[in-house]
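Asker: Supplied in structure tokens, the structure appears directly below.
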Amino acid sequence: MSGGSLITLKTQPSDAANSANAAAQQQQTANGAAASSAQNVGGGNAQEGTRQNSLQRIQQRKQKVFSLPVSQKLAKLSMYSACQTEGCRCTGWKTPQENRHRDVESSYCPEFSEECRNVSCRHPLSAHIAHLDGISNSSMDELLGAIIDMENLFMSMQRVEDEDTKKVYLYLFRLLRQCVLTRQHPTIRGPLGDPPFESPCITKAVLSLVFYKFNHLNPTELQTMTEVAKTFLNFLNHYNFESPSARRGDLNHEDASNYKINYTRWLVFCHVPAFCNSLRQFETSLVFGKTLLRTVFQYMSQQLKKKCISERDRFPEDKRSIITLMPKFLEGLKAELLKDNSPIWDPNYRPPNAFVIQQRKRHQEAIPATNSGSSVVAANGKRSSAGEPVNKRAKKDVLERITENQDDLPTEVVMRAMKAVSESKTTNKAEILFPVNVSRDENVKAEEQKRAIEFHVVGNSLTKPVDKQTMLWLLGLQLVFAYQLPEMPREYISQLVFDTKHKTLALIKENQPIGGICFRPFPTQGFTEIVFCAVTMSEQVKGYGTHLMNHLKDYSIQRGIKHLLTFADCDAIGYFKKQGFSKDIKLARPVYAGYIKEYDSATLMHCELHPSIVNTQFIAVIRNQSEILKELIAQRHNEVQKVRPGLTCFKEGLPSIPVESIPGLREIGWKPQMRPARASRPLEEPSDPEKLASAFASVLQSVRQHNTAWPFLRPVTAAEVPDYYDHIKYPMDLKTMGERLKKGYYQTRRLFMADMARIFTNCRFYNSPDTEYFRCANSLERYFQTKMRELGLWDK
Ligand code: ACO
């Protein structure tokens, strides 16, 4: 472990005294932020302010490191990166003795040729960063962020006295260290389980309490009570829990052991991630339930009451009622916490929708005022002048979370499903050993994680020295392309692979290139041209081709490129289609003509990239989502299976009842039918027939002139297509539509749209998908919809 380098980094006095002092200060503040977690919450403003400052300084330090020159960033990364020299076990480049006092986050940048002071290594710094070749700026910053978090955790660990807390910091420190070494995202696995830990969560129970206990209040008081609930949740979400050792005396055996588990979970999932944002953060009130609240309620509510009194004068006049009502709310919550069968802790209890909607509406109306009031009481004073959370991960307003999704699936239900999916994965041992239905891409990703394969973007340069390794890989890639693309002249392949405007994404296994994509980016045109793409014969159809393409997509997106173009060989069209390419070129010809190399016997294909998709993760994400959906459907299925007692009201003399009062109907998704408001149907029906007819004429004219309209301009004749009328009973075409329009047939939008839709459905019914006709129908249909939308005639 490179603990040594951690210490030498910051604690030595520096010749650049100012910068070193600043760095040391940063370490201390980071330490302060973490260490405060182990202490009991004082609740004083001074302490809150200090914590807030610490969090800000951590962010400032990160920003400072992110804005360093690349060479300095790489030097910092080298200190936590394993030496890439074969057989070397060194896990981080160690600063030579004479430079140990210098600060790599300020002015010091060691030469890449400088030797590692680890006696068993002695390899240059460049050997520690060889694997980072071609790394994107954002990935580099992500790694640096994790390193800073790790350093903060390390320092905190030194300071903190409580043994339980120390152990958690050590565990998280090691986790981050491992993630930096392996370049993986930190994931917390193990006996702590996955959040949410209890159902219902505290947030939901507190909302239920407001309805259950205070529904009799007048609307204004009820609204204030909701504000009180929100204030309470904010306080809880920023509350520093006491360590289990400090609570030993006041909890019974069972509570003490529950508290210890929950305290550890809170540290790992809620508290530490607040200052280590490489770790995913969860909100206390959304992941914990009754068990945690019961063990902390008494002390916490005392603190909150004290805080309300001490901060009373800082509250705006009209918000003081929040403070006045707080004791009543806390009493109500305490009573429900002590009861064994309180409905607010029943996972199936749900306030009526009307209440929830009303709360949401009121909340939206009251947003500005609410922010100014309740955030003052937040236990760590986490607010900016605008009342926004200062933390980088902007947290959604708690009440918004309580009330959002009520018409949709509650967050909790989704999280429960996620938990069930992850549990079924860990319990199904047979599937771990013999994975079924695993996509090829996943196997390749597993190899990449084990570093059995690597992906590097390499290229020749005339201005900078090109290292030997790059040259060897380029030579190897040239051979792979030459073998796999025998139609291409070898000289041509060499010329492009070694051309300085071209780059190659290389797939390296046992230090040999086994596949690659040679490409040329055209940043000014916003696209990348794929020139050669190949995987060596013995490694084909294992998923490497897919993963290579996904890496290229991510690489392009990171550089602001949103389109890939290629001339695909006839045999490779299937492969490119599977990678999301299409023959339907969405780029205007002038954008690429004259830039991209054109080949006679090949087909131009295009792939549009979505900037927010991480392609190398995409398949896994979709797979996960589909598993969660399956789980949700299964859960829903179980609910629907519930048999309810028959209705007795008719026997008792009632002639009829409202449909919505039939038990279970809403639970299975029934909703009252609502007619859309007239205003939402633009230009509907004969409101203005002339205006409508002229809009239809304009759409029809544009559609006729589109370059894919030619198959639909006039009726299909039996002479041209003898069996057409055997299959198509209701033919339609653009000429007939023009005639109908002239005769005033299209009195409503629906009639016009129905005829147009018939043209396309007929075409797709009669022709197979690989025909030009079929493609024209799709393309023209999209164009028709766009035109309709432009004129406000499309309301879907
Ligand atoms: N035609 C149709 N489908 C294909 C082809 C093909 N030629 N090659 C692969 N696929 C399919 C695979 O079956 C797989 O589908 P599945 O996941 O649904 O089963 C999917 O495409 C991806 O397969 P991978 O294993 O990820 O791809 P692979 O590692 O085999 O690499 C590649 C694909 C690069 C095309 C490789 O087969 C190859 O090198 N072929 C010879 C060279 C070549 O034709 N290159 C493209 C020339 S065009 C150009 O370079 C611009």
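The values are calculated or read from the model by the stated rules, or taken from the named source; none is laboratory data. Fair warning: this is a prediction, and the values are worked out from it, not measured in the lab. Here Cβ is always computed from backbone atoms with ideal geometry, including for glycine, and neighbour counts include all displayed protein chains. Note: areas computed on protein heavy atoms with side chains; ligands, DNA, RNA excluded. Shrake-Rupley method; radii C 1.70, N 1.55, O 1.52, S 1.80 Å.
Asker: Can you pull out the helices (runs of 4 or more DSSP H) entirely within segment 536-627 that have at least 2 residues that are among the small types (Gly, Ala, Ser)? Steps first, answer last, please.
Answerer: Working: elements: 544-558, 573-578, 589-592.
Per the criteria, 544-558.
Asker: Which one of these is assigned to a helix (DSSP H, G or I) and at pLDDT 90 or above: Phe269, Phe241, Phe211?
Answerer: On the way: Phe241 fails: assigned to a helix (DSSP H, G or I); Phe211 fails: at pLDDT 90 or above.
Result: Phe269 is the single residue among Phe269, Phe241, Phe211 that is assigned to a helix (DSSP H, G or I) and at pLDDT 90 or above.
Asker: May I ask you to list the residues in segment 302-327 that are open to solvent by 90 Å² or more (accessible area, probe 1.4 Å) and touching a residue at least 60 places away in the same chain (Cβ under 8 Å)?
Answerer: Matches in segment 302-327: Lys306, Arg314.
Asker: Take the residues in segment 515-531 that are open to solvent by 10 Å² or more (accessible area, probe 1.4 Å) and in contact with a Phe, Trp or Tyr (Cβ under 7 Å, 6 or more places away or on another chain); name whichever of them is farthest from the ligand (Cβ to nearest atom). Please lay out each step first, then the result.
Answerer: So the first thing to find is which residues in segment 515-531 are open to solvent by 10 Å² or more (accessible area, probe 1.4 Å), and the list is 520-526, 531.
The next check asks that each one be in contact with a Phe, Trp or Tyr (Cβ under 7 Å, 6 or more places away or on another chain); those that pass are 522, 525, 531.
Numbers: Phe522: 16, Gln525: 18, Val531: 7 Å.
Restricting to residues being open to solvent by 10 Å² or more (accessible area, probe 1.4 Å) and in contact with a Phe, Trp or Tyr (Cβ under 7 Å, 6 or more places away or on another chain), the top hit is Gln525.
Asker: Collect the residues in segment 694-727 that are of a type in the set (A, V, I, L, M, F, W, C) and either modelled with pLDDT under 90 or assigned to a loop (DSSP other than H, G, I, E, B) (or both), keeping them in residue-number order.
Answerer: Restricting attention to segment 694-727, the residues satisfying the condition of being of a type in the set (A, V, I, L, M, F, W, C) are 695-697, 699-700, 703, 709-710, 712-713, 716, 718-719, 721.
Hits for segment 694-727 are Ala709, Leu713, Val716, Ala718, Ala719, Val721.
Asker: Another question, if that's okay. Specify the residue that is nearest to the ligand (Cβ to nearest atom); the eligible residues are those in segment 546-586 that are surrounded by fewer than 17 Cβ atoms within 10 Å (Cβ to Cβ) and of a type in the set (A, V, I, L, M).
Answerer: That would be Ile573.
Asker: Could you check how many residues of segment 597-645 are open to solvent by less than 50 Å² (accessible area, probe 1.4 Å) and touching a Cys at 6+ places or on another chain (Cβ under 8 Å)?
Answerer: 2
Asker: A further question follows. So, in segment 436-456, of the ones that are within 11 Å of the ligand (Cβ to nearest atom) and at pLDDT 85 or above, which residue ends up most open to solvent (accessible area, probe 1.4 Å)?
Answerer: If we filter segment 436-456 for residues that are within 11 Å of the ligand (Cβ to nearest atom), which is where we start, we get 439-441, 443-444.
Checking which are at pLDDT 85 or above leaves us with 443-444.
Working: Asn443: 83, Val444: 1 Å².
The qualifying residue most open to solvent (accessible area, probe 1.4 Å) is Asn443.
Asker: If you take the residues in segment 59-97 that are closer than 18 Å to Leu176 by Cα, among the polar types (S, T, N, Q) and out of contact with any Lys or Arg (no Cβ under 7 Å at 6 or more places or on another chain), which one is surrounded by the fewest Cβ atoms within 10 Å (Cβ to Cβ)?
Answerer: Ranking the qualifying residues of segment 59-97, first place goes to Thr91.
Asker: Can you tell which of Val287, Val272 is open to solvent by less than 10 Å² (accessible area, probe 1.4 Å) and either aromatic (Phe, Trp, Tyr) or over 17 Å from Lys230 (Cα atoms) (or both)? Before you say what the answer is, go through the steps one by one.
Answerer: Details: Val287 fails: either aromatic (Phe, Trp, Tyr) or over 17 Å from Lys230 (Cα atoms) (or both).
Unique residue meeting the criteria: Val272.
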